[in-house]
Amino acid sequence: MPSVLLVSSNGAGMGHLTRLLAYGRRMPADVRRHVVSMSQAVPVVASEGLTWEYLPSQGATGLRPATWRSLLADRMSEVLGRVDPDVLVFDGTHPYSGLDVALAAHPRTRAVWSRRAMWKPGRNGAQLDKAAWFDVVLEPGDLAADADRGETVTAAATRVRPVTMLDREDLSDRATARAALGLPADGPLALVSLGAGNINDTGDEVGAAVRALRSQGVGACVTAPSIAERAYAGDDVHLVRHFPLSEHFRAFDHVVTAAGYNSVHEALRLGVPALLVPNDATSLDDQVTRARHAAERGWALTARTLTGGRADALVEELVARGPELAARAQAQDPGNGAADAAQEILRVAGLAAAPGTGTAS
């Protein structure tokens, strides 16, 4: 049976894992897809009907870096020998030393580096040399690519359109979405996805967003698990848990979200009016530039912070102008590159004819 091994690094969210699932969803049913992930969220892939295993990151093990790299090489060598995949796809911005050792010990397996762009300028350039470990570097497009000034801009890659796990036709209708998430059938609701926070603290991004939404008569739906135990505050605040949450995006009238790759592309491609609050504390992802570009194109609103009394005017504008901005974003949507990426991966594995996707530059 043809086999693909999907390997995700340990990121701040679920972006790497979700992107791999976007590729896997678009491969033929007779291709076995097995996931190895450093994300503790990896059990969610079972909902996709995929087998999986958890590989703890260096930080999760507490091992010295050199010891962990040796462990990684041994573990990945064992997985490659057991699964014997036609191709390994690593999604991350930092291929770990030890992966090269494992690949060299299993030369039958081809290798693809799925590497998103929009790196903060001047950072991580040394990692680009690791492209030599792989047969192809695959770059999922970014809607803010015109504003990208990071190290990947001039690096060789096979580029495809922006990638999201779902397309608009995959979404449930509003009534079904709200029922599935346990939300009120009527009334406006906004998804607040800004990471951990306290909905009762207006000096906190999450709290400021929730208070401003309340003042507009909009119920807030929060996603961070850390909020669940201490911050449930009444009928107008709801905790939502579902994977993939984008399946039920029609439950929401608005979204207030960080500006990571998945968050932005899901909101803009799937038509949810968005207020983007970039996280500038990320080590590499240039969320500020991505959010600013979306605002300059008239696709979304953005603000560096919602605190200090800024949230009210921003949320008022989101309610008033959000649908117009979302419609503009959808009108300029280039389409989903996930199927093209999947075809390219299968081509590298020798499992499909060259599809002519993307452009190498």
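Below, the figures for the structure above:
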| read-out | value |
| --- | --- |
| Within segment 130-158, considering residues that are in contact with a Gly (Cβ under 7 Å, 6 or more places away or on another chain) and closer than 16 Å to Thr93 by Cβ, the one surrounded by the most Cβ atoms within 10 Å (Cβ to Cβ) | Pro140 |
| Any chance Ala185 is loosely packed, with under 14 Cβ neighbours inside 10 Å and without any contact (Cβ under 8 Å) to a residue 60 or more places away in the chain | yes |
| Segment 44-64: number of residues that are touching a residue at least 40 places away in the same chain (Cβ under 8 Å), open to solvent by 60 Å² or more (accessible area, probe 1.4 Å) and within 14 Å of Phe243 (Cα to Cα) | 1 |
| Those residues of segment 9-28 which are outside any helix (DSSP H, G or I) and either at pLDDT 95 or above or over 21 Å from Thr109 (Cα atoms) (or both), in sequence order | Asn10, Gly11, Ala12, Gly13, Met14, Arg26, Met27, Pro28 |
| Residues satisfying the stated conditions in segment 259-296, i.e. within 15 Å of Val192 (Cβ to Cβ) and open to solvent by 20 Å² or more (accessible area, probe 1.4 Å) | Ser263, Glu266, Asn279 |
| From Val256, Val240, residue being modelled with pLDDT of 95 or more, of a type in the set (Val, Ile, Thr) and open to solvent by less than 40 Å² (accessible area, probe 1.4 Å) | Val256 |
| Single match in Ala157, Ala190 (criterion: more than 19 Å from Thr257 (Cβ to Cβ), touching a residue at least 24 places away in the same chain (Cβ under 8 Å), hydrophobic (A, V, I, L, M, F, W, C) and in contact with a strand residue (DSSP E or B) (Cβ under 8 Å, 6 or more places away or on another chain)) | Ala157 |
| Single residue of segment 133-146 satisfying the filter (within 19 Å of the chain's Cα centre (by Cα) and of a type outside the set (D, E, K, R)) that is farthest from Gln287 (Cα to Cα) | Val137 |
| Top-ranked residue in segment 46-78 [being in contact with a Lys or Arg (Cβ under 9 Å, 6 or more places away or on another chain) and part of a helix (DSSP H, G or I); ranked as nearest to Val4 (Cα to Cα)] | Glu48 |
| Failed criterion for Ser47 (all others in (1) under 25 Å from Val163 (Cα atoms); (2) in contact with a helix residue (DSSP H, G or I) (Cβ under 9 Å, 6 or more places away or on another chain) hold) | (2) |
| Selection status of Asp100, buried (at least 16 other Cβ atoms within 10 Å of the Cβ), of a type in the set (Asp, Glu) and closer than 22 Å to Ala349 by Cα | yes |
| Matching entry among Ala145, Ala179, Ala126 (being over 22 Å from His16 (Cβ atoms), at pLDDT 95 or above and small (Gly, Ala, Ser)) | Ala179 |
| Total residues in segment 29-43, condition part of a strand (DSSP E or B) and either of a type in the set (Lys, Arg) or closer than 18 Å to Pro244 by Cα (or both) | 4 |
| Residue within segment 345-358 that is modelled with pLDDT of 95 or more, in a helix (DSSP H, G or I), under 26 Å from Ala291 (Cα atoms) and open to solvent by less than 20 Å² (accessible area, probe 1.4 Å) present | no |
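The values are calculated or read from the model by the stated rules, or taken from the named source; none is laboratory data. Every value quoted in this text rests on a predicted model; they were computed, and no experiment measured them. When we count neighbours, we look across all protein chains shown, and the Cβ atoms used for this are built from the backbone with ideal geometry, even at glycine. Calculation scope for accessible area: heavy atoms of the full protein, side chains included, ligands and nucleic acids excluded. Shrake-Rupley method; radii C 1.70, N 1.55, O 1.52, S 1.80 Å.
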